Amino acid sequence: RGGLVEFSNDVLSRLYIMVKPDGVQRGLVGEIIKRFESKGFKLIALKLTAPGKAHLEKHYADLKEKKFFPGLIEYMTSGPVVAMVWAGKNVVKSGRVLLGETNPLTSAPGTIRGDFAIDIGRNICHGSDAVESAEHEIALWFPEGVAQYDRAVDAWIYE
Ligand code: IDP
Ligand code: MG
């Protein structure tokens, strides 16, 4: 079970999660990690990093025509972020549910954004929106690669 050989939605897949600068400043790193950890997903990469404008423009390249783009890049470069990769069954879809909607005000209580944020431009945490974008983001943020290890507890999480 340690190897992640398939990357489609219903089987083992990988998700890029990033605590944004406001989440780091507000002391929510542990809380966000805890939710993915206690759900049962496996942490395979983690770092605190502040890569700068060009890197964030690549990360959000699909939004560059939006009028909020300059403000988004300014926000995302306003302090360090915590980048991580989580692995597990259907982790992209499930992770987006844990995260909540883009707008925290309409995110359900119990979700990360629903519980800890108010404004769309300060929504504390990023999560990839698809298996393909997750793989793209993992390559961008972790060119050094991610860990591969077996977890004995997986036998108690997966049937
Ligand atoms: P997502 O983070 O839920 O996937 P996206 O549409 O991919 O949402 O947008 C990326 C990020 O851009 C959002 O998380 C949010 O920080 C920011 N953003 C999106 N829409 C707006 C907006 O209308 N005003 C300000 N910031 C926005
Ligand atoms: Mg997105």
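Condition first: farther than 16 Å from residue 75 by Cα, among the β-branched types (Val, Ile, Thr) and touching a Phe, Trp or Tyr at 6+ places or on another chain (Cβ under 7 Å). Now tell me which residues in segment 98-140 satisfy that.
Answer for segment 98-140, where residues must be farther than 16 Å from residue 75 by Cα, among the β-branched types (Val, Ile, Thr) and touching a Phe, Trp or Tyr at 6+ places or on another chain (Cβ under 7 Å): 131, 138.
Name the residue that is farthest from ligand 1 (Cβ to nearest atom), counting only residues in segment 115-159 that are touching a strand residue (DSSP E or B) at 6+ places or on another chain (Cβ under 9 Å) and acidic (Asp, Glu).
Looking at the filtered set, the residue picked out is 154.
In this structure, is residue 81 within 16 Å of ligand 1 (Cβ to nearest atom), closer than 19 Å to residue 22 by Cβ and in contact (Cβ under 8 Å) with a residue 40 or more places away in the chain?
Against the criterion (within 16 Å of ligand 1 (Cβ to nearest atom), closer than 19 Å to residue 22 by Cβ and in contact (Cβ under 8 Å) with a residue 40 or more places away in the chain), residue 81 qualifies.
Which ranges mark the helices (runs of 4 or more DSSP H) fully within segment 77-158 that have 2 or more residues being within 16 Å of the chain's Cα centre (by Cα) and closer than 19 Å to residue 31 by Cα?
91-99, 112-116
Which pairs have Cβ atoms under 6 Å, sit 6 or more apart or on different chains, and link a residue in segment 25-52 that is modelled with pLDDT under 95 to one that is not in a helix (DSSP H, G or I)?
Qualifying pairs under 6 Å: none.
Determine whether segment 88-97 contains at least one residue that is modelled with pLDDT of 95 or more, within 16 Å of ligand 2 (Cβ to nearest atom), out of contact with any helix residue (DSSP H, G or I) (no Cβ under 8 Å at 6 or more places or on another chain) and more than 20 Å from residue 23 (Cα to Cα).
Looking through segment 88-97, at least one residue is modelled with pLDDT of 95 or more, within 16 Å of ligand 2 (Cβ to nearest atom), out of contact with any helix residue (DSSP H, G or I) (no Cβ under 8 Å at 6 or more places or on another chain) and more than 20 Å from residue 23 (Cα to Cα).
Given the conditions (1) within 16 Å of ligand 2 (Cβ to nearest atom); (2) more than 17 Å from residue 34 (Cα to Cα); (3) of a type in the set (Val, Ile, Thr); (4) touching a Gly at 6+ places or on another chain (Cβ under 8 Å), report the number of the one that residue 138 does not fulfil.
(4) is the only condition that residue 138 fails.
In segment 10-51, what count of residues is obtained for those that are under 16 Å from residue 88 (Cβ atoms) and not in a helix (DSSP H, G or I)?
15
Among the residues of segment 60-67, is any closer than 24 Å to residue 142 by Cα, part of a loop (DSSP other than H, G, I, E, B), of a type in the set (D, E, K, R) and modelled with pLDDT of 95 or more?
Within segment 60-67, one or more residues are closer than 24 Å to residue 142 by Cα, part of a loop (DSSP other than H, G, I, E, B), of a type in the set (D, E, K, R) and modelled with pLDDT of 95 or more.
Do we find a residue being under 28 Å from residue 53 (Cα atoms) and among the acidic types (Asp, Glu) anywhere in segment 88-102?
Yes, segment 88-102 contains at least one residue that is under 28 Å from residue 53 (Cα atoms) and among the acidic types (Asp, Glu).
The values are calculated or read from the model by the stated rules, or taken from the named source; none is laboratory data. All values reported here derive from a predicted model rather than from experimental measurement. So basically every Cβ, Gly included, is an ideal-geometry build from the backbone, and we count neighbours across all protein chains shown.
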